[in-house]
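One structure is given below, encoded as structure tokens.
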Amino acid sequence: MTTHDLINPATGAAFGSVEHVDAAAVDDAVGRAQAAQRRWVRSAPAARASALRDFAAAVDAHVDELAALEVSNAGHPVSAAEWEAGHVRDVLQFYAASPERLSGQQIPVAGGLDVTFHEPLGVVGIITPWNFPMPIAAWGFAPALAAGNAVLIKPAEWTPLTTIRLAELAVHAGLDPDLLQVLPGPGAEVGERLVTHPGVAKVVFTGSTVTGTRVLAAAAPGVKRVTLELGGKSANIVFADCDLEQAAATAPYGVFDNAGQDCCARSRILVQASVYDRFMELLEPAVAGVVVGDPASRDTEMGPLVSRPHWEKVASYVPDDAPVAFRGRAPDGPGFWFPPTVLTPARDDRCVTEEIFGPVVTVLPFEDEADAVALANDTVYGLSGSIWTDDLSRALRMSRAVEAGNLSVNSHSSVRFNTPFGGFKQSGLGRELGPDAPLAFTDTKNVFIAVKEK
Ligand code: NAD
């Protein structure tokens with residue numbers, strides 16, 4: 001074990017530490033998880049449902065504590081962090097129904113009875129990023145446990161605390177301590193061991209597309225099941241016929257939420273040329289109004305970036321000669337503060353094509369629907385996006401033409417626990433959330449029972 005310091009992003013100062021495990025600890029955890037999974041899956045469906053409901057109740061009783069941890073560890077504004085902890089509770093409650101509902105089919109065949117079973121995979125590895133540690137962990141562990149699996153989670157190096165606490169709350173609620181284990185440590189050692197370990201049946205990886213392709217390649221020799229939730233560069237498409245005031249007023253929320261460290265960030269605003277100037281006039285005060293500051297304050301809408309290295313990466317997209325249209329305000333250091341920034345670059349600028357993952361948005365004009373579709377789809381990513389129009393036919397045409405897994409019309413919402421979430425193209429593979437999520441943690445078995453004729 002090695003000790004890893006944790007930095008408060010709002011102050012830049014160390015505020016705690018975490019013990020990192022090594023590859024040998026992963027091997028040990030897999031063995032214990034396999035034994036716990038066998039016990040879990042043998043227990044009655046009602047008992048598993050009840051255990052998940054108790055886990056949800058334990059999370060509910062600790063929302064404030066979990067939120068405070070995320071404020072210090074990830075710099076999330078406290079109101080957002082409370083929503084995230086409450087979301088974990090909701091996700092657990094939603095999937096607590098699954099153990100008693102997950103059923104196969106009886107299929108009409110000749111000569112006997114044919115039935116299908118959804119068998120749990122066994123041990124599932126979940127690798128999470130630092131931007132939304134709690135929700136992303138829960139999107140994996142809640143349906144995986146509900147489908148009868150054990151779970152090992154490797155949180156991101158910078159933000160492990162809430163994941164560790166959630167696993168403690170699971171034990172507090174009565175779950176077997178080996179059923180949901182947290183393995184903090186470096187991706188290259190602990191993450192890779194999880195992906196290559198023969199006892200791990202499936203990996204759910206959320207992170208960058210670069211790392212995701214490595215995970216996919218490492219999982220291939222073992223034909224491991226893989227779900228990938230990767231990067232994004234989503235478009236916010238604003239047509240002249242929409243409620244322009246509303247589109248401009250909400251655009252900052254669509255991209256600066258979580259300081260732009262959001263895979264669904266609408267980081268490319270595309271505006272119909274005929275209303276471009278008016279939209280920019282409306283956007284400027286909306287951006288200036290974003291309250292950036294102390295994440296512990298209830299007034300704060302945007303906190304700092306997660307770390308010094310990430311701050312440097314984001315800053316590299318806004319050099320001194322960058323085409324800055326306007327900026328919001330942010331505190332001076334210490335801490336990793338970056339102001340909401342609006343750029344008006346050329347269509348092929350790297351800040352238009354690459355995921356910045358910070359509070360930086362580009363605004364480009366487009367001519368007509370065909371131009372909007374071409375611009376929106378001119379990316380390797382396909383995660384999310386918004387379409388602003390009051391024309392229902394246009395909304396439907398655009399919704400079908402934009403290549404993305406999660407679109408909103410006249411809204412910036414992306415995530416609901418009961419609707420499927422995931423990416424097109426290089427934004428991912430497979431889906432999380434929604435009613436079918438537990439099925440992704442099972443293999444379907446078909447059994448034919450011959451019936452003797454009298
Ligand atoms: P990252 O890819 O650097 O790291 C993600 C996780 O993978 C971390 O836990 C890391 O330790 C681990 N890891 C690193 N190397 C590994 C390896 N070789 N094998 C196994 N695991 C390894 O990503 P990040 O910087 O933590 O997160 C930001 C990225 O995550 C952005 O691209 C963002 O768009 C994406 N993201 C996607 C979604 C989604 O649902 N699509 C959600 C949140 C974040």
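Restricting the search to the range 396-409, which residues are of a type outside the set (A, V, I, L, M) and either crowded, with 23+ Cβ neighbours inside 10 Å or assigned to a loop (DSSP other than H, G, I, E, B) (or both)?
Glu403, Gly405, Asn406, listed by residue number.
Check off (1) assigned to a strand (DSSP E or B); (2) charged (D, E, K, R); (3) crowded, with 17+ Cβ neighbours inside 10 Å for Asp443 and give me the number that stays unchecked.
Failing condition for Asp443: (3).
Restricting to the range 415-454, and then to whatever is of a type in the set (Phe, Trp, Tyr) and out of contact with any strand residue (DSSP E or B) (no Cβ under 7 Å at 6 or more places or on another chain), can you tell me which residue is farthest from the ligand (Cβ to nearest atom)?
Going through the qualifying residues, I end up with Phe417.
Which condition number does Gly303 fail, the rest of (1) surrounded by fewer than 20 Cβ atoms within 10 Å (Cβ to Cβ); (2) over 30 Å from Asp371 (Cβ atoms); (3) in contact with a Pro (Cβ under 8 Å, 6 or more places away or on another chain) being met?
Checking Gly303 against (1) surrounded by fewer than 20 Cβ atoms within 10 Å (Cβ to Cβ); (2) over 30 Å from Asp371 (Cβ atoms); (3) in contact with a Pro (Cβ under 8 Å, 6 or more places away or on another chain), the one that fails is (1).
Listed here are the residues, each with its yes/no results for (1) more than 16 Å from the ligand (Cβ to nearest atom); (2) of a type in the set (A, V, I, L, M).
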{"residue": "Lys233", "(1), (2)": "no, no"}
{"residue": "Glu245", "(1), (2)": "yes, no"}
{"residue": "Phe256", "(1), (2)": "no, no"}
{"residue": "Ile269", "(1), (2)": "yes, yes"}
{"residue": "Met280", "(1), (2)": "yes, yes"}
{"residue": "Ala286", "(1), (2)": "yes, yes"}
{"residue": "Val291", "(1), (2)": "yes, yes"}
{"residue": "Arg308", "(1), (2)": "no, no"}
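In the range 298-342, what count of residues is obtained for those that are hydroxyl-bearing (Ser, Thr, Tyr) and free of Cβ contacts under 8 Å to residues at least 24 places away in the same chain?
Qualifying residue count for the region: 2.
Against the definition (touching a residue at least 24 places away in the same chain (Cβ under 8 Å), surrounded by fewer than 16 Cβ atoms within 10 Å (Cβ to Cβ) and outside any loop (DSSP other than H, G, I, E, B)), how does Ile449 come out, yes or no?
Yes, satisfied.
Answer yes or no as to whether Pro184 is within 17 Å of Ala25 (Cβ to Cβ), surrounded by 20 or more Cβ atoms within 10 Å (Cβ to Cβ) and either within 16 Å of the chain's Cα centre (by Cα) or not assigned by TED's automatic domain parsing to the domain that holds Pro135 (or both). Before the answer, list the steps.
Values: within 17 Å of Ala25 (Cβ to Cβ): yes; surrounded by 20 or more Cβ atoms within 10 Å (Cβ to Cβ): yes; either within 16 Å of the chain's Cα centre (by Cα) or not assigned by TED's automatic domain parsing to the domain that holds Pro135 (or both): no.
Spelling it out, it is not the case that Pro184 is within 17 Å of Ala25 (Cβ to Cβ), surrounded by 20 or more Cβ atoms within 10 Å (Cβ to Cβ) and either within 16 Å of the chain's Cα centre (by Cα) or not assigned by TED's automatic domain parsing to the domain that holds Pro135 (or both).
So, in the range 103-131, how many residues would count as being out of contact with any strand residue (DSSP E or B) (no Cβ under 6 Å at 6 or more places or on another chain), within 16 Å of the ligand (Cβ to nearest atom) and among the hydrophobic types (A, V, I, L, M, F, W, C)?
Summing the residues that are out of contact with any strand residue (DSSP E or B) (no Cβ under 6 Å at 6 or more places or on another chain), within 16 Å of the ligand (Cβ to nearest atom) and among the hydrophobic types (A, V, I, L, M, F, W, C) in the range 103-131 gives 1.
Filter the range 102-132 down to residues that are surrounded by 14 or more Cβ atoms within 10 Å (Cβ to Cβ) and among the small types (Gly, Ala, Ser) and give me whichever is nearest to Val88 (Cα to Cα).
Gly125
Give the range 395-454 a look and list any residue that's of a type in the set (Asp, Glu) and modelled with pLDDT under 95, or say none.
Correct list: Glu453 only.
Can you find even one residue in the range 88-96 that is small (Gly, Ala, Ser) and either buried (at least 24 other Cβ atoms within 10 Å of the Cβ) or at positive phi (or both)? Lay out the reasoning, then the answer.
So the first thing to find is which residues in the range 88-96 are small (Gly, Ala, Ser), and the list is 96.
Within this subset, residues satisfying the condition of being either buried (at least 24 other Cβ atoms within 10 Å of the Cβ) or at positive phi (or both) are none.
No.
Go through the range 197-213 and report how many residues are surrounded by fewer than 18 Cβ atoms within 10 Å (Cβ to Cβ) and within 11 Å of the ligand (Cβ to nearest atom).
So the count comes out to 3.
Taking the residues in the range 138-195 that are charged (D, E, K, R) and either without any contact (Cβ under 8 Å) to a residue 24 or more places away in the chain or part of a helix (DSSP H, G or I) (or both) as candidates, determine which candidate is nearest to the ligand (Cβ to nearest atom).
Of everything passing the filter in the range 138-195, Glu192 is nearest to the ligand (Cβ to nearest atom).
The values are calculated or read from the model by the stated rules, or taken from the named source; none is laboratory data. Predicted, not measured: the structure shown is a model, and the values here were computed from it. Note: ideal-geometry Cβ built from the backbone for every residue, glycine included; neighbour counts use all protein chains shown.
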